[in-house]
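Note sheet for the following structure.
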Amino acid sequence: MIEFKNNYYSLSDKFYRSAIPEKIENPKLIYFNDELAKDLKIDLHKTDQNKLTKIFSGNLVDENCPPISLAYAGHQFGHFVPQLGDGRAHLLGQLNGYDVQLKGSGKTFFSRRGDGKSALGPVLRETVLSEAMHTLGIPTTRALCAIETNENIYRQFGMEPGGIFTRVSRSHLRVGTFQYFAARKDKESLSELLKFSCQIHYPKLLDIDDESTRSLEFLKEVARKQASLIANWSRVGFIHGVMNTDNYSIGGHTIDYGPCAFIDNFEFEKTFSSIDANGRYSYFNQVPIGQWNLLRLADTLIPLIDKNDQTAIKKVETILPEIMSLFPKLRFIELSKKIGINDYNDKDEPIILEFLKILEEFKLDFTNSFINIDELYNEEFHFFPNNQKVQDFIIIWKNRIPQLKIESNVNPILIPRNHLIEKMIDMAYGSDYSMFNKMMEAYKTPYEDDKRYQELQLAPKANEVIKETFCGT
């Protein structure tokens with residue numbers, strides 16, 4: 001038996017509710033991440049496939065470490081909801097310092113009339129995307145296990161096969177976790193949460209005895225992590241889709257792969273999420289939303305910074321210019337690397353924006369444009385159009401960098417394209433996992449030009465374009 005520990009038990013029971021996964025009659029293990037299992041210190045010699053299936057379907061629970069579901073609140077598309085929480089997730093505990101959580105494993109205290117289940121499609125999507133994000137070098141939750149439950153789940157398109165996903169993360173603490181206690185004016189729990197968050201993510205801050213100073217430094221650290229994360233999303237063309245505060249990790253990693261997607265033809269305001277009608281979480285708007293979410297975290301820390309709200313706000317305002325400027329700056333640093341500007345300064349912003357405008361105007365594929373960037377620099381117009389606008393850009397670009405040198409881990413060759421994800425899911429719904437297995441293997445090396453995976457490099461044809469993605473709940 002895998003022995004879990006649970007550091008959340010050190011907190012008061014306000015932070016979680018006990019939650020036992022629903023039993024599954026005939027679960028089937030369809031993916032297990034042996035590499036990640038080793039990092040978690042799971043002894044695979046002592047745990048056979050049958051036992052793994054029982055544990056990660058929720059059928060076998062560690063009686064010494066009962067599962068829990070975590071409490072949190074959140075702003076959803078700008079509207080505050082004081083109680084959300086894990087409505088379909090069960091935290092089994094920690095292995096080697098990492099949270100291990102089941103998703104789609106049944107109802108909890110926080111289910112809010114939902115069934116607590118997951119369709120198989122979102123399980124496969126998150127498995128592929130989170131592992132691809134990891135190999136792209138971007139902080140993320142990880143995929144340990146995917147289970148087919150052999151039961152039908154009713155979703156927006158009718159009945160779908162069910163699945164359970166096992167997610168691994170340094171923590172599942174969110175801005176929404178802080179909002180949960182701030183909404184209840186529970187300063188004692190906020191203080192407890194701040195210390196707990198620092199223990200996991202920012203242990204050096206525990207050396208600061210003054211809680212006011214610690215809170216401000218905590219805000220700075222979260223800003224640095226999140227600004228870097230969103231900058232790297234921009235680098236690979238990733239759109240999260242639901243950057244609500246309950247999906248905004250205080251550890252600075254990608255969490256909750258719902259209606260997310262990677263850009264094909266570039267658009268600044270591109271969205272995929274079926275529920276983002278106003279483009280709140282569009283590609284280029286992810287930076288201002290990241291800043292907005294950080295301000296919501298700052299709101300929750302006010303009681304810890306000073307007993308006088310106005311004094312606390314003034315203290316926050318003194319650090320805001322520094323930490324807010326990180327978001328656009330780091331994005332442009334990452335985007336500039338993609339065209340060979342490795343020593344970015346503020347004067348480079350117009351150059352980068354001009355290149356992106358070219359991509360948008362001529363409906364060019366984002367990923368493949370950067371794969372072919374050397375051809376453009378050499379004025380070979382196989383991929384890019386040959387016109388005055390492009391030629392004017394090349395002149396400015398070459399004046400800025402006399403030689404094109406791009407680091408090997410900047411422009412990926414392979415990304416999990418939306419049409420391929422949908423094809424993979426359709427095949428899996430027909431009990432064919434060959435595409436899923438191929439993608440899991442291919443995305444282990446997304447920066448390598450592997451001839452075996454050339455079909456995964458291709459942009460979608462007109463009839464293959466996916467315009468909307470769904471969260472699956």
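What value, in deg cm²/dmol to 500, does the helix sum -39500 (n - 2.57) over DSSP H runs of n ≥ 4 give at 222 nm once divided by the residues of the chain?
Value at 222 nm, helices only, nearest 500: -12500 deg cm²/dmol.
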Send over the semi-axes of region 141-242's equivalent ellipsoid, whole angstrom and largest first, taken as the square roots of 5 times the C-alpha gyration tensor eigenvalues. 34, 19, 14
DSSP loop GluC sites (Glu not before Pro) with at most 13 other Cβ within 10 Å excluded, longest remaining stretch of the chain: 64-268
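Quick check on region 350-473: what does the Kirkwood estimate of hydrodynamic radius come out to from the alpha carbon pairs, in Å?
Details: mean 1/r = 0.0600 Å⁻¹.
Evaluated on region 350-473, it is 16.7 Å.
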Over region 199-295, one equal point on each Cα, no solvent: what is log10 I(q)/I(0) by the Debye formula at q = 0.15, 0.19, 0.24 Å⁻¹? -0.61, -0.86, -1.23
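Just the number: Rg to Rh for region 299-411, Cα atoms, Kirkwood Rh, two decimals.
On the way: Rg = 19.9 Å, Rh = 16.5 Å.
That ratio is 1.21, to two decimals.
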Counting only DSSP loop positions in region 1-54, the trypsin sites (Lys or Arg not before Pro) whose Cβ has at most 16 other Cβ atoms within 10 Å are LYS23, LYS41, LYS46
Which label marks the calculated value of mean projected area of the Cα convex hull in nm², given the options (1) 29.5; (2) 49.8; (3) 23.0? (3)
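Please go through region 316-408 and write out the trypsin sites (Lys or Arg not before Pro) that DSSP classes as loop and that have at most 13 other C-beta atoms within 10 Å.
Details: sites: LYS329, ARG331, LYS337, LYS338, LYS347, LYS357, LYS363, LYS389, LYS398, ARG400, LYS405; in loops: LYS338, LYS363, LYS405.
In loop regions of region 316-408 (DSSP not H, G, I, E or B), the sparsely surrounded trypsin sites (Lys or Arg not before Pro) are LYS363, LYS405.
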Alpha carbons only, please: Rg and Dmax for region 7-111, in angstrom. 15.1, 49
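Express in nm, to one decimal, how much length is gained between ASN50 and GLU379 on full extension, taking 0.36 nm for each residue of separation and deducting their alpha carbon distance.
Values: separation 329, 0.36 × 329 = 118.44 nm, distance 5.79 nm.
Gain on stretching ASN50 to GLU379: 112.6 nm.
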I need two numbers for region 320-360: Rg to one decimal and Dmax as a whole number, Cα atoms only, in Å. 10.8, 33
Which value in Å is the Kirkwood Rh of region 72-114 over different Cα pairs? 11.6 Å
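Quick check for me: using +1 on Lys/Arg Cβ and -1 on Asp/Glu Cβ, what's the dipole size of region 148-291 about its Cα centre, in debye to the nearest 20? Before the final figure, lay out each step's value.
On the way: 16 positive and 18 negative charges, 49 e Å.
About 240 debye.
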Cα-Cα P(r), region 123-180, percent of pairs per 10 Å interval: 21, 36, 32, 12
Filtering chymotrypsin sites (Phe, Trp or Tyr not before Pro) in region 116-181 by DSSP loop and by at most 14 other Cβ atoms within 10 Å leaves PHE157
The convex hull of the Cα atoms of region 327-387, divided by residue count, gives a volume in Å³ per residue of 92 Å³
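Given a 1.4 Å probe and every protein chain left where it sits, what share in percent of the accessible area of region 207-261 is carbon and sulfur? Numbers along the way, then the final one.
Details: 420 of 1170 Å².
In region 207-261, the share of accessible area belonging to carbon and sulfur is 36 percent.
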Let me see the P(r) profile for region 77-196: every Cα-Cα distance counted, bins of 5 Å, each bin given as a percent of all pairs. 2, 10, 16, 19, 20, 16, 10, 5, 2, 0
Expressed in nm², what is the orientationally averaged projection area of the convex hull enclosing the Cα positions of region 19-69? 4.2 nm²
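The values are calculated or read from the model by the stated rules, or taken from the named source; none is laboratory data. For clarity, every value in this text was computed on a predicted model and none was experimentally measured. Backbone-built Cβ (ideal geometry, glycine too); neighbour counts: all protein chains shown. When the accessible area is computed, the model is the full protein with side chains, heavy atoms only, and any ligands, DNA or RNA have been set aside. Shrake-Rupley method; radii C 1.70, N 1.55, O 1.52, S 1.80 Å.
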